[in-house]
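What follows is a short report on a single structure.
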Amino acid sequence: MTPLIQLAESADGAARKSAEVTDWAGRLGWVAGLLILIAFVYWLMRQGWTWRRSLQSGLPPLPEVPETTGEARLTLQGRYHGSTTAGQWLDRIVAHGLGTRSRAELTLTDAGIDVVRPGANDFRIPAAALREARLDKGIAGKVLTEGGLLVVTWEHGDTLLDSGFRSDRAAEHAAWVEAINSMSTNHPASTTEGTAR
């Protein structure tokens with residue numbers, strides 16, 4: 001038998017031996033530990049969400065979208081990316097379902113903005129509550145290209161909120177900014193607060 005054949009046979013035997021060695025107890029322990037770690041992280045995230053909701057419990061319920069909304073000035077289909085305290089783009093509002101990202105259909109009427117969200121709470125931003133609209137690039141953990149997000153600043157209770165929307169057709173954003181800002185100038189409480197970061 002040549003040395004080359006002996007070497008090949010010994011390597012084949014070693015490979016067979018290596019394949020047979022399995023430490024099942026060690027592997028199961030690692031898998032169980034990883035699953036426990038994932039469950040613990042998920043629990044911590046859930047606790048943080050609940051804690052934030054309790055901190056924001058003073059926020060009044062959202063105005064509901066009435067059955068008859070009036071003549072639409074503008075409509076938009078896209079996504080709702082969340083709401084934050086105005087000017088604090090990372091201070092997410094989670095009370096009353098405002099923290100839930102979802103598809104959204106927006107309708108601008110003389111009465112305000114109706115936000116219809118399949119699978120989440122619908123709400124109205126009354127015209128009297130509108131403060132301003134602007135184009136921005138991020139809100140509450142969602143960052144887009146410059147000007148890729150329509151941010152509406154509005155007053156709810158005693159709190160100024162920024163709500164972020166993105167149209168399926170981003171070219172519509174400019175018309176929304178112009179229309180909302182023209183509506184909000186009719187109100188003496190109009191402000192540009194919320195534009196700073």
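The values are calculated or read from the model by the stated rules, or taken from the named source; none is laboratory data. All values reported here derive from a predicted model rather than from experimental measurement. Neighbour counts are summed over all protein chains in view; Cβ atoms, including those assigned to glycine, are modelled from backbone coordinates with ideal geometry. With ligands, DNA and RNA removed, areas are computed over all heavy atoms of the protein, side chains included. Shrake-Rupley method; radii C 1.70, N 1.55, O 1.52, S 1.80 Å.
I'd like to check something: does the stretch 153-170 contain any residue that is open to solvent by 10 Å² or more (accessible area, probe 1.4 Å), modelled with pLDDT under 90, among the aliphatic types (A, V, I, L, M) and assigned to a loop (DSSP other than H, G, I, E, B)?
No, that holds for no residue.
Scan the stretch 111-136 for residues that are farther than 20 Å from Gly157 by Cα and in a strand (DSSP E or B) and jot them down.
Val116, Arg134, Leu135, Asp136
When residues of the stretch 137-152 are filtered for being open to solvent by 10 Å² or more (accessible area, probe 1.4 Å) and under 16 Å from the mean Cα position of the chain (by Cα), how many remain?
Total meeting the criteria: 6.
Given (1) in contact with a helix residue (DSSP H, G or I) (Cβ under 7 Å, 6 or more places away or on another chain); (2) in a loop (DSSP other than H, G, I, E, B), where does Leu108 come up short, assuming only one miss?
So Leu108 meets the others, but not (2).
Residues to consider are Ser83, Ser102; find the one that is touching a strand residue (DSSP E or B) at 6+ places or on another chain (Cβ under 9 Å), under 28 Å from Met45 (Cα atoms), crowded, with 21+ Cβ neighbours inside 10 Å and hydroxyl-bearing (Ser, Thr, Tyr).
Being touching a strand residue (DSSP E or B) at 6+ places or on another chain (Cβ under 9 Å), under 28 Å from Met45 (Cα atoms), crowded, with 21+ Cβ neighbours inside 10 Å and hydroxyl-bearing (Ser, Thr, Tyr) holds for just one of Ser83, Ser102, which is Ser83.
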